[in-house]
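Have a look at the structure below, then the notes.
The values are calculated or read from the model by the stated rules, or taken from the named source; none is laboratory data. Note that the structure is a prediction, hence the values are computed from the model and not measured. No Cβ is skipped: glycine too gets one built from the backbone with ideal geometry, and neighbour counts run over all protein chains shown. Keep in mind that these areas ignore ligands, DNA and RNA; they rest on the heavy atoms of the full protein, side chains included. Shrake-Rupley method; radii C 1.70, N 1.55, O 1.52, S 1.80 Å.
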Amino acid sequence: MNKSELIKALAEQKKLHVDESTKIVSAFVDSIKEALVRGDRVEIRGFGSFKIKDYEGYVGRNPKTGDVVHVQPKKLPFFRPGKELKEFINS
Amino acid sequence: MAQTLTKAGIVDYIYERTDKNRAEIKDLVESILEIMKQSIKKDHALLVSGFGKFEAYDKQARKGRNPQTSETITLPPRKVVVFRLSRKFRAELNPS
């Protein structure tokens with residue numbers, strides 16, 4: 001399933017207009033993204049949690065060519081599925 | 001200080017951007033999460049463009065050990081869910 005199918009499924013289930021469903025789903029995703037960009041944690045009961053990990057930059061090498069590469073510091077999100085989601089997937 | 005966004009915070013965020021009341025939005029958020037869960041289970045994947053992809057994959061059974069009793073146990077095969085972020089979101093998290 002992708003985002004537009006999610007929007008459609010919500011519209012059908014809740015008898016919403018697709019435009020309205022699009023607004024709701026987009027705001028839902030944006031709220032999570034904005035929180036993570038700020039560096040906040042996200043915790044959704046029954047589904048899971050997201051948190052940002054900070055990685056420091058380092059000097060690495062391209063193993064094929066031996067060239068020195070400078071890897072920039074970066075932020076990456078991590079998702080931990082919640083108990084309910086884990087049980088649901090395995091049931 | 002890092003804060004935590006919870007369902008209540010998500011409901012507030014949507015409330016400020018639509019003309020629905022909080023109870024309706026709360027119900028819609030629960031529906032979205034339910035559809036997401038069903039989709040991850042049924043399709044083994046859920047792609048949210050601009051954000052990332054949730055994937056369910058199979059883990060083989062493996063031998064484990066109870067660290068307290070050193071007892072060897074076989075962990076059953078199970079499915080795990082991973083999140084892979086999209087290039088777009090990665091770029092938004094790491095503006096150059």
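Things worth noting here:
- Note on chain A: with a GNM built from Cα contacts shorter than 10 Å, the maximum mean-square fluctuation among A:VAL71, A:VAL59, A:VAL37 falls on A:VAL59.
- Taking a sphere under 11 Å around the Cβ of A:GLY82 and counting the other residues whose Cβ falls inside, with K and R at +1 and D and E at -1, yields a net charge of +2.
- Loop-located GluC sites (Glu not before Pro) in region A:9-91, at most 11 other Cβ atoms within 10 Å (DSSP): A:GLU56
- Only Lys, Arg (+1) and Asp, Glu (-1) charged, at Cβ; the protein assembly as shown dipole about Cα centre in debye: 760
- Only the Cβ atoms of Lys and Arg (+1) and of Asp and Glu (-1) were treated as charged; on that basis the dipole of chain A about its Cα centre amounts to roughly 220 debye.
- For chain A, the relative contact order is 21 percent, taking Cα pairs closer than 8 Å that sit 6 or more residues apart in sequence and dividing their mean separation by the residue count.
- Overall form of the protein assembly as shown per C-alpha gyration tensor (a/c, 1.5; a/b vs b/c): oblate
- For A:HIS17, solvent-accessible area (1.4 Å; no DNA, RNA or ligand), Å²: 120
- Phi angles of region B:57-73 translate, via the Karplus equation with coefficients 6.51, -1.76, 1.60 and θ = phi - 60°, into HN-Hα couplings of 10, 8, 10, 5, 5, 8, 7, x, 9, 6, x, 7, 10, 6, 6, 7, 10 Hz per residue; Gly and Pro are given as x.
- Prolate/oblate/rounded label for chain B (Cα gyration tensor, a/c 1.5): prolate
- Comparing mean-square fluctuations of A:LEU16, A:LEU36, A:LEU76 from a GNM of chain A with C-alpha springs under 10 Å, the top value falls on A:LEU16.
- Of the listed residues A:SER31, B:SER86, A:SER4, A:SER91, the order by accessible area with a 1.4 Å probe, largest first, is A:SER91, A:SER4, B:SER86, A:SER31.
- Span-like helix check, chain A: qualifying full DSSP H segments, with Cα axial length of 15 Å or more and mean Kyte-Doolittle of -0.5 or more, are A:18-38.
- Among the trypsin sites (Lys or Arg not before Pro) in chain A, those located in a DSSP loop and surrounded by at most 10 other Cβ atoms within 10 Å of their own Cβ are A:LYS15, A:LYS64.
- With all protein chains modelled, accessible area of A:ILE44 [1.4 Å, Å²]: 10
- Sum of -39500 (n - 2.57) over DSSP H runs of 4+, divided by residues of chain A (222 nm, nearest 500): -14500 deg cm²/dmol
- Proximal charge balance of A:ARG45 [Cβ under 14 Å; K/R count +1, D/E count -1]: +2
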